[in-house]
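> Before anything else, here's the structure in question.
Just so it is clear, none of the values below were taken in a lab; they were calculated from the coordinates. These numbers were taken from a predicted model, which means no experiment stands behind them. A quick note on method: Cβ atoms are made from the backbone with ideal geometry, for glycine too, and the neighbour counts reach across all protein chains shown.
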Amino acid sequence: MFFDANATTEMLATVAFAIAEAATKGPLNASSAHSQGALARKLLADARETICMALGHDDPENIIFVSSGTEANNIVVNGFSQLNGRIISSAVEHASIAVPALAAGSSTTIPVSPDGVIKLNDLAKALSERSANDIVLVCVQAANSETGVLQPLEQVAALCKASAAQVYLHVDAAQAFGRIGLSTEFADSISFSGHKLHGPTGTGFLWMSDRLFDVLPRTILGGGQERGFRSGTQNVPGIVGLGVAVAERLQDFNSAVSKLAGLRGRFEDRLLEEVPDSTVICSHSPRLPNTSNVMFRGADADTLLAQLDAEGVICSNGSACSSMKPSASPVLRAVGLSEREAFQCLRFSFSVLNTIEEVDRAIPLIVEAVGRVRAYK
């Protein structure tokens, strides 16, 4: 029972078939002038069109193909740092935002409230301190990978627009795309990673507005592919698979979201009823339909994680990019949990391939494991 969809998802059979089929079409380098190059460009163009439809955007040239959400975030943040501008980000951003922003040396971190939502008054204050001569990048994720909390992007965008400075808004949508509705209306750039949506690992995209295209320096230099932002030969079969994964979710978006919400609802209702002293983190905030971060008071999360793994229940003790590190989650600390409390939390995140039957089988196993861990603390 794999309940760690926010870390990665199983590739759909249709995606694997599309990748294999593309691979049989011979060498595919979209930079080549011959017929095989033209075929590669056609396959890339089809995938761009699909992603544009999912975003409600009308210009495929605004889609840059990348290898991961991390690469997409770095393209924006590292490029922006070369402009000697100010970077403002929330306290719960992914490391691929937080680390390069810190390295830029001109960053401001905006705290979040105990419900996991960025403090808009603090953001407004930080923006009000910038003059018309300043250039600012604001980074606010669409949804948090650990808590599932959704950020108020429309309100964030309104604050950016009202600032006297020249402000650009970057949205990390690695967890949100395909799970909630997203629009390019409020952002200047949006990043996504394919393996979060049953696509292939090593694929993703960065959507970028024309106004950001015009000012953002290129940081991955070479042959100039992807409008110069991501030089290097494109992974055509992988991108074809990404396009198929996006198309499948676009086709059944409402039913997929409904199923995810049903799985999470069933899981939380039963878990809170049957496991005493358990709490869903940020449960009163708008959240992704598939994500539950649960604190099991008196139970060490790492020990519990191992016991559940042995029973066939796969979950997570934090972001997959940092969960191997022996430190309390910065996200959980940012929403007000103590270090001890943060070490008692596990994240369960569901995909459309999960079933209610799996949830029902998992609950008694979790009940028993929590009891054992608490007994031996």
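> Using bins 10 angstrom wide from zero, how does P(r) for the chain break down, in % of all Cα pairs?
P(r) over the chain, rounded to whole percents: 5, 24, 31, 24, 13, 3, 0.
> Separate question: Got the relative contact order for the range 24-138 handy, in percent, Cα pairs under 8 Å and 6 or more residues apart?
Reported relative contact order: 18 percent.
> While we're here: Could you work out how far helix 253-274 tilts from the main Cα principal axis of the chain, as a 0 to 90 degree angle to the nearest 10?
Roughly 20 degrees between the two axes.
> Counting other beta carbons within 10 Å of each Cβ, put HIS284, HIS195 in order, fewest first.
By the 10 Å Cβ count, ascending, the order reads HIS284, HIS195.
> Using Cα-Cα distances under 8 Å and only pairs 6 or more residues apart, what relative contact order does the chain have, in percent?
Dividing the mean separation by the residue count of the chain yields 23 percent.
> Residue by residue, what Karplus-based ³J(HN,Hα) values in Hz, rounded to whole numbers, does the range 174-185 have, using 6.51, -1.76 and 1.60 with θ = phi - 60° and x for Gly and Pro?
In residue order, the calculated couplings are 4, 8, 8, 4, x, 10, 9, x, 10, 9, 7, 4 Hz.
> On a 0 to 90° scale, report how tilted helix 13-23 is relative to the longest principal axis of the chain, with both axes built from alpha carbons and the result rounded to the nearest 10.
With both axes taken from Cα atoms, the answer is about 30 degrees.
> While we're looking at this one, here's another question. Would you mind computing Rg(Cα) / (2.2 N^0.38 Å) for the range 97-160, counting N as its residues?
On the way: Rg = 12.3 Å, N = 64, 2.2 N^0.38 = 10.7 Å.
Against the compact-globule rule of thumb, the ratio is 1.15.
> Between the alpha-carbon centers of the range 32-81 and the range 207-278, tell me the distance in whole angstrom.
13 Å
> Angle, helix 236-251 long axis vs. longest principal axis of the chain, Cα atoms, 0 to 90°, nearest 10?
Taking Cα atoms only, the helix is inclined about 60 degrees.
> Sticking with this structure for a sec: Counting DSSP beta bridges with both partners in the chain, what percentage is antiparallel, nearest 5?
Beta bridges within the chain, antiparallel portion: roughly 50 percent.
> Distance check, please: which entries in LYS161/LYS196; LYS196/LYS259; LYS25/LYS196 exceed 25 angstrom between their Cα atoms? Write down the numbers at each step before the final one.
Numbers: LYS161/LYS196 31 Å; LYS196/LYS259 16 Å; LYS25/LYS196 27 Å.
In this structure, LYS161/LYS196; LYS25/LYS196 exceed 25 Å between Cα atoms.
> A further question follows. Please report the Cα spread of the range 19-146 along all three principal axes, rounded to whole Å, starting with the longest.
55, 34, 27
> Right, next: Normalized C-alpha radius of gyration of the range 253-375, against 2.2 N^0.38 Å? Spell out each step's value before the answer.
Working: Rg = 13.8 Å, N = 123, 2.2 N^0.38 = 13.7 Å.
In units of the globular-protein estimate, the range 253-375 measures up at 1.01.
> While we're here: Arrange the peptides 71-78, 219-226 so that the one whose residues have, on average, the most other Cβ atoms within 10 Å appears first. Provide the component values of the computation, followed by the final result.
Working: 71-78: 24.6, 219-226: 14.8.
Result, highest mean first: 71-78, 219-226.
> Give me the net charge for the shell around LYS25: Cβ to Cβ below 14 angstrom, other residues only, Lys and Arg +1, Asp and Glu -1. Present the calculation step by step, with values, prior to reporting the outcome.
Working: positive: ARG41, LYS42; negative: GLU21, ASP46.
My count for the surroundings of LYS25 gives 0.
> In terms of the Cα gyration tensor, with a ≥ b ≥ c the square roots of its eigenvalues, is the range 265-305 rounded because a/c is under 1.5, prolate because a/b exceeds b/c, or oblate?
It is prolate, given that a/c is not under 1.5 and a/b is the larger ratio.
> Please label the shape of the range 327-375 as rounded, prolate or oblate, based on the square roots a ≥ b ≥ c of the eigenvalues of the alpha-carbon gyration tensor (a/c under 1.5 means rounded; beyond that, a/b larger than b/c means prolate, else oblate).
Oblate.
> Could I ask something else about it? Around GLY232, which amide H atoms from residues at least 5 apart in sequence, or from another chain, sit under 5 Å from its own amide H, with H modelled in the peptide plane?
GLY223, GLY224, GLN225
> Hey, what did the range 205-353 get for relative contact order, percent, Cα under 8 Å, at least 6 apart?
So the answer I get is 20 percent.
> Oh, and also: When we measure straight from the Cα of LYS119, which aspartates and glutamates land under 20 angstrom away, once same-chain ones fewer than 8 places off are left out?
Straight-line reach from LYS119, under 20 Å: GLU93, GLU129, GLU146, GLU154, ASP172.
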